[in-house]
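Down below is the structure, laid out as structure tokens.
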Amino acid sequence: LKLARLQLLESPHRSMLPPMVASHHTFVGTVSALYSQGSVGAPGDVTEMQAADAAIDSAKTAMGAIAAVNVCEEYGNQPSVAQGTAHNILSSGVDLPGALREKIKQLAKQV
């Protein structure tokens, strides 16, 4: 967790990720609508759109890992705070590495 904390939570670029994901998501939605209206074909058939979707999925996974590491590091000793947040992370369906997912499951079960 120390390496994850250093690389994810203390990254100088951490604050840039949420707005970048939001603007990218808006862009992809706009381009998809244009493709649909222009009868050019399905947006998912376009290589660039597939790459954009993959980038959004990767960003969501990174943000989920950041959130999970933050819960473990900052609230692991505060069950009342960690439980709800850990449950939300699990409910989101984000794909976490095995050891991190198990730690979040443990925190979600705390009372």
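The figures follow:
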quantity	calculated
³J(HN,Hα), Karplus 6.51/-1.76/1.60, whole Hz, each residue of the range 68-79, x for Gly, Pro	5, 5, 4, 4, 4, 6, 8, 10, x, 9, 10, x
Net +/- balance of residues flanking Leu90 in space, Cβ distance below 9 Å, scoring K and R +1, D and E -1	+2
Under Karplus coefficients 6.51, -1.76 and 1.60, residue-wise ³J(HN,Hα) of the range 53-62 in Hz, glycine/proline x	4, 5, 5, 5, 4, 5, 5, 5, 5, 5
Residue-wise HN-Hα coupling along the range 93-108, computed from phi with Karplus coefficients 6.51, -1.76, 1.60 (Hz; x: Gly, Pro)	x, 5, 8, 9, x, x, 5, 5, 4, 5, 5, 5, 4, 4, 5, 5
Label point distance in nm, Ser92-Lys109, each placed 7 Å from Cα along Cα→Cβ	2.2 nm
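Just so you know, all these numbers are worked out from the coordinates, no wet-lab data involved. This one's a predicted model, so the numbers in the text were calculated from it and none came from an experiment. Quick reminder, even Gly has a Cβ in these numbers, built from the backbone with ideal geometry, and neighbours come from all protein chains shown.
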